[in-house]
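The values are calculated or read from the model by the stated rules, or taken from the named source; none is laboratory data. Worth saying up front: this structure is predicted, and the values here are computed from it rather than measured. Quick reminder, even Gly has a Cβ in these numbers, built from the backbone with ideal geometry, and neighbours come from all protein chains shown. Ligands, DNA and RNA are excluded from the accessible area calculation, which covers all protein heavy atoms including side chains. Shrake-Rupley method; radii C 1.70, N 1.55, O 1.52, S 1.80 Å.
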Amino acid sequence: MEIKATQVKELREMTGVAMMDCKKALVECEGDVEKALDLLRSNSALKAEKKSSRVAADGILVTSVCDDYATMVEINSETDFAAKDSNFLGFAEKVKQYISQNKVTDISALSESELEDERKSLVQTIGENIQLRRISTVEFSKDMSIGLYLHSDSKLASIVSVTGGNEVVAKDIAMHVSAFNPLCLSEDDIDKDVLDRERAIYENQANESAKPKEIMAKMIDGKIKRFLSEVSLLSQNFVKDPDLTVSDYLSQHDSNIVTFSRLKVGEGIEVEVKDFAEEVAEQLK
């Protein structure tokens, strides 16, 4: 049966699916556009499942600040090119609207919402694995100020809540958190396992120096102290004025940090590096 170009174009405009896939669906459905549309929609879940095993380490963050909470969501794609696609950005906007209207603290809640069908349809349209990977929601009360910093490329964001001070102070700290990625608020809050790992590394380095034990002990203590000052938010040099620590800046504004959160797109995802020839070979397969 002959499939007209106008039919393919119509189905393409309705679904956003590749022209070849539209034509195949029309052939299978003997030119019936409505049936072809249903077929493509039914296949979207299957295609999404097949692509779900592919690494999606790029993407963007969407954020929202509401009356008593602020939320960041990481939406992943396989490539930066896909993350700039109008369909992807349209989906991201729907996610932003959803978190603006619903206080969500678990990423599974998004997967169980109407957004999941939208995500699967997007996978079919773009042809890449699209994932709602992580969410961070910070709740705050009326006596707190909230600061949200979203970098210009939408790939790095932080939320900070403070008492005292104001939104400017909170946003300044959020910008600092984005830039310096502290592991804890104060030196007393460091995770014991993290500290033990660092200490073990410094002990091995000290043992290799073959110096007297008392000297090695001082070396280890010195490195631990420096490590804690570098990863503890309050001890870090303030991003806008390195002559001050974050603690100093907060004191100037009679402010205290209640909590902070930071997300960076793709953080913690291992990406296999391939050369161009390998990528072309895979595409040909």
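Under the shape rule built on the C-alpha gyration tensor, where the axes satisfy a ≥ b ≥ c, segment 123-264 is oblate, since a/c reaches at least 1.5 while a/b does not exceed b/c. Scanning the chain for GluC sites (Glu not before Pro) in DSSP loops with at most 14 neighbouring Cβ atoms within 10 Å leaves 115-266 as the longest stretch between them. Think of segment 156-216 as having a plus end and a minus end, set by charges on the Cβ of Lys, Arg, Asp and Glu; of Ser158, Cys184, Gln205, Gln205 sits farthest toward the positive end of this dipole.
Taking all protein chains into account, the per residue accessible area for the chain stands at 58 Å² (1.4 Å probe). Largest mean-square fluctuation among Arg119, Arg262, Arg54, in a Gaussian network model of the chain whose springs join Cα atoms under 10 Å apart, belongs to Arg54. Of the solvent-accessible surface of segment 119-174, computed with a 1.4 Å probe and all protein chains present, 45% belongs to carbon and sulfur. Of Asn102, Asn256, Asn76, the residue with the greatest mean-square motion in the GNM of the chain, using alpha carbon springs below 10 Å, is Asn102. For the chain, modelled as a GNM whose springs connect Cα atoms under 10 angstrom apart, the maximal fluctuation among Val123, Val168, Val55 occurs at Val168. Within the shell of other residues whose beta carbon sits under 9 angstrom from the beta carbon of Lys223, the net charge comes to +1, with Lys and Arg scored +1 and Asp and Glu -1. For a quick check of your reading of the filter: which trypsin sites (Lys or Arg not before Pro) in segment 133-214 sit in a DSSP loop and have no more than 15 other Cβ atoms within 10 Å? Qualifying residues, ordered by number: Lys142. Placing unit charges on the Cβ atoms only, positive for Lys and Arg and negative for Asp and Glu, gives the chain a dipole magnitude near 340 debye about its Cα centre.
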